[in-house]
1. Look through region 189-199, keep the residues that are surrounded by 14 or more Cβ atoms within 10 Å (Cβ to Cβ) and out of contact with any helix residue (DSSP H, G or I) (no Cβ under 7 Å at 6 or more places or on another chain), and return whichever of them is farthest from residue 143 (Cα to Cα).
2. Does at least one position in region 194-206 carry a residue that is modelled with pLDDT of 95 or more and out of contact with any strand residue (DSSP E or B) (no Cβ under 6 Å at 6 or more places or on another chain)?
3. Just checking, does region 170-183 include any residue being assigned to a loop (DSSP other than H, G, I, E, B) and touching a residue at least 12 places away in the same chain (Cβ under 8 Å)?
4. Look through 84, 123 and report the one residue that is in the same structural domain as residue 194 (by TED's automatic domain parsing) and in contact (Cβ under 8 Å) with a residue 40 or more places away in the chain.
5. Residues that are in contact with a strand residue (DSSP E or B) (Cβ under 8 Å, 6 or more places away or on another chain), farther than 23 Å from residue 186 by Cβ and at pLDDT below 95: does region 235-243 have at least one?
6. Can you tell me how many residues within region 29-48 are surrounded by 15 or more Cβ atoms within 10 Å (Cβ to Cβ) and not in a loop (DSSP other than H, G, I, E, B)?
7. If residue 55 meets every condition in (1) outside any loop (DSSP other than H, G, I, E, B); (2) in contact (Cβ under 8 Å) with a residue 60 or more places away in the chain; (3) more than 25 Å from residue 180 (Cβ to Cβ) apart from one, which number is that one?
């Protein structure tokens, strides 16, 4: 979570139960999380270990990705081929999808240097280096370079803000490629899933892609950010519908939520 807030005993019990169900070291994590103290690495009961830095949100990732399967929805399987993971962060999605699936490869795009270092550590630590490839580019409408705000919460690093989105954020220039170029790199099977969590870039990514290229992509799961990119949900939905996907939109907050696309 980005900030620590006092919680009621009911919510404490709920959080403790969820952590205990997923983590083998929950008894160490839980009291520190409630107290807002630095957390140890998360040790999942399936063997996954999630390392993290102070600016990361490991418990939020645990619940949203590993527990709730936010990016697995509407993907019936089998999980064979390649996932394009745009906005790889510290590797939670790449690990969740590739762990225990030897026929699946993940192309993980993470432009923030510090976050990418933790991503690479998590991939290596979970022995997934042969199935997860990490790229240092951002993905956008077209190739080029952009200014990315970093040194804040890693899950909120964005290029779609004129000013620093959080105190202490600093800009760094990073390379950008388009989704068409991402697809050219895929050589192992079909693209099972396109996952996008790019903090405002989602509409530009889809609109900048050759419409014919979507025929290679079986499923799409993206997070939209209308506060960073006005009408991002409508723009993304329009592209996916035009490309022949059935779509579901799930609002999580006032300006943010998920859009899922799958083939009829």
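1. So the residue we want is 192.
2. Going through region 194-206, the residues modelled with pLDDT of 95 or more turn out to be 194-206.
From what's left, out of contact with any strand residue (DSSP E or B) (no Cβ under 6 Å at 6 or more places or on another chain): 203, 206.
Looking for residues that are modelled with pLDDT of 95 or more and out of contact with any strand residue (DSSP E or B) (no Cβ under 6 Å at 6 or more places or on another chain), one finds at least one in region 194-206, hence yes.
3. Within region 170-183, none of the residues are assigned to a loop (DSSP other than H, G, I, E, B) and touching a residue at least 12 places away in the same chain (Cβ under 8 Å).
4. 84
5. no
6. 7
7. Looking at each condition in turn, residue 55 falls short on (1).
The values are calculated or read from the model by the stated rules, or taken from the named source; none is laboratory data. Values in this document were obtained by computation on a predicted structure and should not be read as measured data. Don't worry about glycine lacking a Cβ; one is built from the backbone with ideal geometry, like all the others, and counts go over all protein chains shown.
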